[in-house]
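All remarks here apply to the structure that follows.
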Amino acid sequence: MPASKSAFPPALRNKVPPMILMFLDQRFFFTLFGMVFCIFTLYGPLVGRPDHNGYRYLLAPLVCPLLPALYFIFWPFDPFRGSAARLAGMVDYDKSDQGAKRLSEVLASREARQFIWRTTTVISGALFAVMVILAVIVRSSLNWLFPSAWLGQGLIGCCIGCFIALGTEYVRWGLTTWANQSPVS
């Protein structure tokens, strides 16, 4: 996306690895993808023998978003570590640039943790609502067996989808909060 179409200040775009900015520029796509991925994996197999499990439908939306939330709480995202920073040649850039250091601080702040918990609650509520609707739709074939054949795949897929959705919203929040607090605008 061209810089002119984004509300993010061009002067700050040069202080962040481009792959990280992708989450800001394409937030809607990544968040929606994560949520839809959760729903499909919780629903069960689309081909073959169906596994419509009531426990998975109603409990997983409440539990699965907690795992990515705890991950981000205990290990805050740092845009200047990892493959995105390596590809952009920006590893440890926050050690030499005050603006980049401030971004790392924003992503590890108490406000970031509060945002993560609020967003986790919203994601969990949205997933729960969709899965209740699906449970009503497939109520004639709904089973209450524990464990179910699709339990592992459903839980792992839901955690991955929640990680994508929550991570996208978390990075977007961090970048926009940082941009709003930066003197360069």
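All of the numbers you see were taken from the coordinates with simple rules; none came from a lab. Everything numeric in this text was worked out from a predicted model, so none of it was measured.
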(message) If each residue of separation counts as 0.36 nm, what is the full-extension length gain between Arg81 and Leu66 once their alpha-carbon separation is subtracted?
(response) 3.0 nm
(message) Among (i) 19.0, 61; (ii) 17.4, 52; (iii) 22.1, 60, only one was calculated for this model; which label is it, if the read-out is Rg and Dmax of the Cα atoms in Å?
(response) (i)
(request) Measure nothing fancy, just the Cα-based angle from helix 54-63's long axis to the longest principal axis of the chain, in degrees from 0 to 90, nearest 10. (result) 20 degrees
(request) Relative to the longest principal axis of the C-alpha atoms of the chain, give the angle of the C-alpha long axis of helix 110-137, reported between 0 and 90° and rounded to the nearest 10°. (result) 30 degrees
(request) For Asn53, list long-range residues whose amide hydrogen, built 1.01 Å from N in the peptide plane, is under 5 Å from its own amide hydrogen. (result) Asn143
(message) If each residue of separation counts as 0.36 nm, what is the full-extension length gain between Ala129 and Arg110 once their alpha-carbon separation is subtracted?
(response) 4.0 nm
(message) Can you give me the angle between helix 27-43 and the longest principal axis of the chain, using Cα atoms only, in degrees from 0 to 90, rounded to the nearest 10?
(response) 20 degrees
